[in-house]
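Visitor: I have a structure here, written as structure tokens, and I will follow up with some questions on it.
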Amino acid sequence: MSKIVSIHSFRGGTGKSNSTANLAGIVARYGYRVGIIDTDIQSPGIHVLFGFDEQKMKYSLNDYLWGRCNIEETAYDVSSILGKTGKANSRIYLIPSSIKARDITKVLREGFDFNLLNEGFQELLDVLNLDYLFIDTHPGLNEETLLSIVISDILVLILRPDRQDFQGTAVTVEVARKLEVPKMLLLINKALPALDFDALQQQVEKTYNAPVAGILPVAEELMQLASSDVFCLRHPEHPFSQVMEKVAQMIMQK
């Protein structure tokens, strides 16, 4: 059975796209067919981590939503990012959103058909024969994120050890429970090494009554990479990658 995994955060700047790319890369490495769709149409960018040249983007998610192409025409095979770490069946398909200013402006001005987006998710699963579809959502709560949450098999909520993040995440957790998401995981990012990680995990799990899948330490090496690659595929032994591996295993649990 295919699984839809939404990666979401209430506020921007939590490392949502980076986490999506790394989790998807790790899952694909195990021999799965993985799709990644950038539904953060107002501020897209996950394609950068895969070294995807915008000039080669004939069609984007925007074109599908505006009736210019089929959804499968927006999917690009970026499996080469795996290098020698993947298996024979490993595949990663990227469905990017347009980075063009006029396209972003059009979305902000006119919106799009959310039912068509939902149909696109299902088509991608079928046409590309995906095992997992990762949705990189827009921060906060709007129609698009609610759609992504309600159709998700797994929802990964990313938050920083920050009071504003804690408050916003509480709202999202409440909404996810009302929408009866089958599986919800919390991922704490950008935690300073000086913090007591065990105490932080206990505090967060008690606050939200939901499991903390992992706590990601601030990683200078990741910052130096500056979104130019998928970190966990290049540095699998790094503490950051080890936490991501653990989260990926929880996603792949039957």
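Each row is one residue, and each column tells you yes or no for (1) modelled with pLDDT of 95 or more; (2) surrounded by fewer than 19 Cβ atoms within 10 Å (Cβ to Cβ); (3) polar (S, T, N, Q).
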{"site": "Q167", "(1), (2), (3)": "no, yes, yes"}
{"site": "M184", "(1), (2), (3)": "yes, no, no"}
{"site": "D196", "(1), (2), (3)": "yes, yes, no"}
{"site": "L225", "(1), (2), (3)": "no, yes, no"}
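Visitor: Here is a further query. Look through P161, P139 and report the one residue that is under 19 Å from the mean Cα position of the chain (by Cα), part of a loop (DSSP other than H, G, I, E, B) and not β-branched (V, I, T). Give the derivation first.
Guide: On the way: P161 fails: under 19 Å from the mean Cα position of the chain (by Cα).
When all the criteria are applied, what remains is P139.
Visitor: Does S148 satisfy being within 14 Å of the chain's Cα centre (by Cα) and part of a helix (DSSP H, G or I)?
Guide: Values: within 14 Å of the chain's Cα centre (by Cα): yes; part of a helix (DSSP H, G or I): yes.
Answer is yes for this residue.
Visitor: So is V230 buried (at least 16 other Cβ atoms within 10 Å of the Cβ), more than 22 Å from G13 (Cα to Cα), under 18 Å from the mean Cα position of the chain (by Cα) and of a type outside the set (K, R) or not?
Guide: Values: buried (at least 16 other Cβ atoms within 10 Å of the Cβ): yes; more than 22 Å from G13 (Cα to Cα): no; under 18 Å from the mean Cα position of the chain (by Cα): yes; of a type outside the set (K, R): yes.
Judged against the criteria, V230 is not a match.
Visitor: Hey, could you check region 60-70 for residues that are among the hydrophobic types (A, V, I, L, M, F, W, C) and open to solvent by less than 50 Å² (accessible area, probe 1.4 Å) and say which is farthest from N129 (Cα to Cα)? Walk me through it before giving the result.
Guide: Step one: filter region 60-70 for residues among the hydrophobic types (A, V, I, L, M, F, W, C), giving 61, 65-66, 69.
This time we only want the ones that are open to solvent by less than 50 Å² (accessible area, probe 1.4 Å), so: 61, 65, 69.
On the way: L61: 19, L65: 21, C69: 19 Å.
Among those residues, the one meeting the criterion is L65.
Visitor: Looking only at region 71-108, count how many residues are open to solvent by 50 Å² or more (accessible area, probe 1.4 Å) and free of Cβ contacts under 8 Å to residues at least 40 places away in the same chain.
Guide: 8
Visitor: Let me ask something else. Being more than 19 Å from A213 (Cα to Cα) and not aromatic (F, W, Y) narrows it down to one residue among T145, T172; which is it? Explain how you work it out, then say what you get.
Guide: Working: T172 fails: more than 19 Å from A213 (Cα to Cα).
Only one candidate passes the filter, namely T145.
Visitor: A follow-up question, please. Out of (1) more than 28 Å from S228 (Cβ to Cβ); (2) out of contact with any helix residue (DSSP H, G or I) (no Cβ under 7 Å at 6 or more places or on another chain); (3) open to solvent by less than 60 Å² (accessible area, probe 1.4 Å); (4) at pLDDT below 90, what's the single condition that is false for M57?
Guide: Among (1) more than 28 Å from S228 (Cβ to Cβ); (2) out of contact with any helix residue (DSSP H, G or I) (no Cβ under 7 Å at 6 or more places or on another chain); (3) open to solvent by less than 60 Å² (accessible area, probe 1.4 Å); (4) at pLDDT below 90, M57 violates only (1).
Visitor: Next up: Looking at G12, G67, G86 in this structure, which one is more than 21 Å from I154 (Cβ to Cβ), assigned to a loop (DSSP other than H, G, I, E, B) and out of contact with any helix residue (DSSP H, G or I) (no Cβ under 9 Å at 6 or more places or on another chain)?
Guide: Of the residues listed, the single one that is more than 21 Å from I154 (Cβ to Cβ), assigned to a loop (DSSP other than H, G, I, E, B) and out of contact with any helix residue (DSSP H, G or I) (no Cβ under 9 Å at 6 or more places or on another chain) is G12.
Visitor: Please state which of the following conditions Y59 fails to meet, knowing it meets all the rest: (1) among the hydroxyl-bearing types (S, T, Y); (2) under 25 Å from D153 (Cα atoms); (3) in a loop (DSSP other than H, G, I, E, B).
Guide: Here Y59 meets the rest and fails (2).
The values are calculated or read from the model by the stated rules, or taken from the named source; none is laboratory data. Quick caveat: nothing in here was measured; it's all calculated off a predicted structure. Cβ coordinates were reconstructed from backbone atoms using ideal geometry, including for glycine residues, and neighbour counts include every protein chain displayed. The area values use the complete protein model at the heavy-atom level, side chains included, leaving out ligands, DNA and RNA. Shrake-Rupley method; radii C 1.70, N 1.55, O 1.52, S 1.80 Å.
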